[in-house]
Amino acid sequence: MKPIIAPSLLSADFGNLEKDIEMINQSEADWLHLDIMDGVFVPNISFGFPVLKHVARLSRKPLDVHLMIVNPEKFISEVKAIGADIMNVHYEACAHLHRVVQQIREAGMKPAVTINPATPVLMLKDILPEVYMVLVMGVNPGFGGQKFIEHTVEKVRELHELIRQTQSNALIEVDGGVNLDTGKRLVEAGADILVAGNAVFSASVPQEMIHALKSL
């Protein structure tokens, strides 16, 4: 099965956002990945809901919203209101993760959980049967264009096995440092979804890069 490709808007040209979103609309990309940062949970600020509403109006791809923020449960209704298909929260940011996952599902979205590079896969054992997807960070969250952390491939392999053991149907997504080389190894290890920012938007022909990633 071909991997799901989710270009990350964080690497797009914000001076010409409509053009980049239309490129994604016309490409083989499956989803559009949106990173929301608060400057507290991660050392950067990205964009808020006024921008997201504009993006949602322009995008014809399902929206994969990744909240790199503290207390993400406060914004479930806002994420739902923009028409997001998936709401992704960090394991490290939720004191009551099971409750947050339930609230996301009750709002009509698919719940997903992200783990940072230093968080062991095993920490997800009890929540795996409850989530639609797990996002494994291939870099420390906060900035695009970072060097891929090689241990991520092994974490994907471990997570794939843990999903099997827990009889979960969770998909595996990877974000950070994804390109044709790392993407190939991640898919071989069990990744279902590749989030690509710089690899797509820095390519001379972004649509061709999306096609190449889709063909891994």
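Values computed for the structure shown
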quantity: Amide hydrogen neighbours beyond the local backbone of residue 135, cut-off 5 Å, H modeled; calculated: 113, 114, 115, 173
quantity: Packing-based exposure ordering (other Cβ within 10 Å, fewest first) of 132, 91; calculated: 91, 132
quantity: Distance histogram for the stretch 102-216 (every C-alpha pair counted, 10 angstrom bins, percent rounded to whole numbers); calculated: 14, 44, 32, 10, 0
quantity: Protection proxy ranking, peptides 17-29, 58-70, average beta carbon neighbours within 10 Å, highest first; calculated: 58-70, 17-29
quantity: Reachable lysines, given that their alpha-carbon falls under 27 Å from the alpha-carbon of residue 61 and they are not under 8 places away in the same chain; calculated: 2, 19, 53, 74, 80, 110, 184, 214
quantity: Quarter of the Cα convex hull surface for the chain, i.e. its orientation-mean projected area (nm²); calculated: 10.6 nm²
quantity: J(HN,Hα) series, the stretch 164-180, from Karplus relation 6.51 cos²θ - 1.76 cosθ + 1.60, nearest Hz, glycine and proline x; calculated: 5, 5, 8, 6, 8, 9, 4, 7, 10, 10, 10, 10, x, x, 7, 9, 5
quantity: Dipole of the stretch 1-90, positive direction: furthest Cα of 50, 9, 39, with charges on the beta-carbon; calculated: 50
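Values in this text are rule-based calculations from the coordinates and carry no lab data. Keep in mind that this is a model prediction, so the values were computed, not measured. Note: ideal-geometry Cβ built from the backbone for every residue, glycine included; neighbour counts use all protein chains shown.
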